[in-house]
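K.L.:
Got a structure for you, questions after.
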Amino acid sequence: MALLAKKPKGTADVVPSKSYMWHTVEKLTAETAQQYGFKEIRIPTFEDTGLFVRSVGETTDVVQKEMYTVSAAGDSQFTLRPEGTAGVMRAMLENGVMNEGFPQKVYYILSCFRHENVQAGRLREFHQFGCEMVGSASPRADAEVISLAKSVLDRVGLQNIVLNLNSIGCPECREKYRQALREYFEPHRDELCRTCQERLDKNPMRLLDCKSAEDQAIAKDAPVILDYLCDDCKKHFDGVKEYLGIMGIDYVVNPKIVRGLDYYTRTVFEFITTEIGAQGTVCAGGRYDGLIEELGGAKTPALGFGMGLERLLLVMQKQNCDFMQDKTCDLYFATMGEASVNKALCLTRAARDEGFFVEYDLVERGLKPQMKYADKIGAKFVIVLGDNEIESGKAKLKNMATGEQTDISIGDDFVPQFSQAMVNSMFSGLESEFGGL
Ligand code: ATP
Ligand code: MG
């Protein structure tokens, strides 16, 4: 069979047998954010192109090469969001969330789109869990946001992931630093990759983010931003480190962390693992005190992070972390003929109304394949509904784990009887687990 269509390069399907992994990370990330007082925000998948150009930055890789920009007849230009922060800030401004008192704390789980070279851990459509805190300039806020990211990583069971911390200062300290970088790289101009030659003129800090081994070697002894921080930025950074110390969160100061997006100021951080190859940054974020003003709001300090969920899942699988399994079927009705099906339909509805997970035959199979199916889906109990059962109003409830059969009414009191049987079976499960106490 020749399929007419295949998925676009760099996208991924989640098949039904694997979706439990996504449910696990979606649940644990959201629950952890809520424990820190963050509430969910939802935003559109596409935004005005100008929003990303202004916020992410004209000279960044994302804006220069990676955006999916679309337009329909008569419309202006839209771009599929390459990240979450810009749209979230736009939405908070547009809906007056910024006027509701500070701090405002939001989280989101959304898809992002970037036209990148596809490789392990680098897709064209990927998913981020993100958090943003608006309205605090205190280093306490930085420590809190980093602590939240760390709690999420702990909660999903990740190990050996290192918090890399840096400060990239404010626009003032950065101007001096840029100058120092230009002076350092200028003599090597011809040895740099084409992109970095451009970066040298437009945005020399981007040079430190280059993935080419040759450029990284040249950048090895480049000046370090931390030597250029003004007194206020230095004090802020010391504060962040002190709070992290008090909370017992380990970190390494890594002056090479500069982040790929333009809007960052002061604190930047990445949680990095060496276990999934070159794309080891699972979570990245920082402070962006200038962004809200850039988008037309009042000058407001803010910070946040984005966590790549595909990368998170890669590490979780590598480290054999626990996943929440899908629920399994409580009860399967095996049916024989129309009268039996009709009875199964009524009993199924009643049991589902009480919250049970119930199935019956939908493909009109014989009894044997039905039993096989019940076994395959892991049904905890099976009831075979034949003519005798319907006539007598009684059936056998089969416990699939033990093979034990008990009589059960299939009249009006079916659901309470089945509930009792479920409780009993859980109890006998416990008894055997604790040696028949
Ligand atoms: P990288 O240096 O890996 O390209 P970035 O600086 O472009 O990352 P951010 O914009 O900070 O990444 O995105 C936050 C997180 O989202 C990253 O740390 C990563 O986990 C994830 N991420 C970014 N780009 C991709 C991608 N193309 N495919 C999968 N995950 C991604
Ligand atoms: Mg990138």
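Values quoted throughout were computed directly from the atomic coordinates according to the rules given, and no laboratory measurement underlies them. Worth saying up front: this structure is predicted, and the values here are computed from it rather than measured. Here the Cβ is made from the backbone with ideal geometry for all residues, glycine too, and neighbour counts use every protein chain on show.
K.L.:
What are the residues whose amide H is under 5 Å from the amide H of I410, where those residues sit 5 or more places off or on another chain and H is modelled from the backbone?
P.N.:
Amide H neighbours of I410, under 5 Å, 5+ apart: K394, A395.
K.L.:
Still on this model: What nm distance separates the two modelled labels at A217 and T402, each placed 7 Å from Cα along Cα→Cβ?
P.N.:
About 7.0 nm separates the two model spin labels.
K.L.:
Still on this structure, please answer the following. Nearest 20 debye, what's the magnitude of the dipole of the chain about its Cα centre given +1 on Lys and Arg Cβ and -1 on Asp and Glu Cβ?
P.N.:
Details: 51 positive and 63 negative charges, 140 e Å.
Around 680 debye, computed over the chain.
K.L.:
Choose one answer from I272, I43, I377: the residue with the largest mean-square fluctuation in a GNM of the chain with alpha-carbon springs under 10 Å.
P.N.:
Taking springs between Cα atoms under 10 Å, the residue moving most is I377.
K.L.:
Could you compute the FRET efficiency for V415 and D227, with r as their C-beta to C-beta distance and R0 at 60 Å, rounded to 0.05?
P.N.:
Values: r = 72 Å, r/R0 = 1.20.
Result of the calculation: an efficiency of 0.25.
K.L.:
Right, another one. Net charge near M400, counting Lys/Arg +1 and Asp/Glu -1 over other residues with Cβ under 9 Å of its Cβ? Numbers along the way, then the final one.
P.N.:
Details: positive: K380, K398; negative: D375.
That sum, taken over residues with Cβ under 9 Å, equals +1.
K.L.:
Then there is this: Shape verdict for segment 121-163, please, from the Cα gyration tensor: rounded (a/c under 1.5), prolate (a/b greater than b/c) or oblate.
P.N.:
Values: a/c = 2.62, a/b = 1.39, b/c = 1.89.
Oblate is the answer for segment 121-163, as a/c is 1.5 or above yet b/c matches or exceeds a/b.
K.L.:
Roughly speaking, what is the stretch gain from E242 to R140, that is 0.36 nm per residue apart minus the C-alpha to C-alpha distance, in nm to one decimal?
P.N.:
Fully extending the segment from E242 to R140 adds 35.8 nm.
K.L.:
Please say if segment 153-284 is rounded, prolate or oblate, where rounded means a/c under 1.5 for a ≥ b ≥ c the square roots of the C-alpha gyration tensor eigenvalues, and otherwise the choice is prolate for a/b larger than b/c and oblate otherwise?
P.N.:
oblate
K.L.:
Per residue and in Å³, how big is the convex hull formed by the alpha-carbon atoms of the chain?
P.N.:
225
K.L.:
Sort 6-17, 152-163 for me by packing, meaning the mean count of neighbouring Cβ atoms within 10 Å per residue, highest on top. Each step should come with its number before you reach the end.
P.N.:
Numbers: 6-17: 9.7, 152-163: 17.5.
Highest-to-lowest ranking by the protection proxy: 152-163, 6-17.
K.L.:
Counting only residues 5 or more places away or on other chains, whose amide H sits under 5 Å from the amide H of G169 once H atoms are built in the peptide plane?
P.N.:
When sequence neighbours closer than 5 places are left aside, the close amide H contacts are R266.
K.L.:
If you don't mind, another one. Report the full-extension gain for the segment D322 to A180: residue separation times 0.36 nm, less the Cα-Cα distance, to one decimal in nm.
P.N.:
Values: separation 142, 0.36 × 142 = 51.12 nm, distance 4.79 nm.
Between D322 and A180, full extension yields 46.3 nm more.
K.L.:
Hey, another quick one. Could I have the simple spin-label model distance between S76 and K9, label points 7 Å from Cα toward Cβ, reported in nm to one decimal?
P.N.:
3.2
K.L.:
Would you work out the charge dipole size for segment 1-124 about its Cα centre, treating the Cβ of every Lys and Arg as +1 and the Cβ of every Asp and Glu as -1, and quote it to the nearest 20 debye?
P.N.:
440
K.L.:
Given H placed 1.01 Å from N in the peptide plane, which residues other than close sequence neighbours of R365 have an amide H under 5 Å from its amide H?
P.N.:
Distant-sequence amide H within range of R365: zero hits.
K.L.:
So, one more: Ranked highest first by average number of other Cβ atoms within 10 Å, how do 201-211, 384-394 line up?
P.N.:
201-211, 384-394
K.L.:
Residue-wise, which Karplus ³J(HN,Hα) couplings in Hz belong to segment 225-240, taking 6.51 cos²θ - 1.76 cosθ + 1.60, θ = phi - 60°, and x for glycine or proline?
P.N.:
These are the phi-based 3J(HN,Hα) values: 3, 4, 6, 10, 5, 6, 4, 5, 5, 5, 5, 4, 4, 4, x, 4 Hz.
K.L.:
Using R₀ = 25 Å, calculate the FRET efficiency as 1/(1 + (r/R₀)^6) where r is the Cβ-Cβ separation of N99 and W22; round to 0.05.
P.N.:
Plugging the Cβ-Cβ distance into 1/(1 + (r/R0)^6) gives 0.10.
K.L.:
While we're looking at this one, here's another question. About the Cα centre of segment 172-225, how large is the charge dipole given +1 on each Lys and Arg Cβ and -1 on each Asp and Glu Cβ? Please answer in debye to the nearest 20.
P.N.:
Here segment 172-225 has a charge dipole of around 200 debye.
K.L.:
What translational D, rounded to a whole number of µm²/s, comes out for segment 322-407 from Stokes-Einstein when the hydrodynamic radius is the Kirkwood one over Cα pairs, at 10 °C and 1.306 mPa s?
P.N.:
After rounding, the answer is 120 µm²/s.
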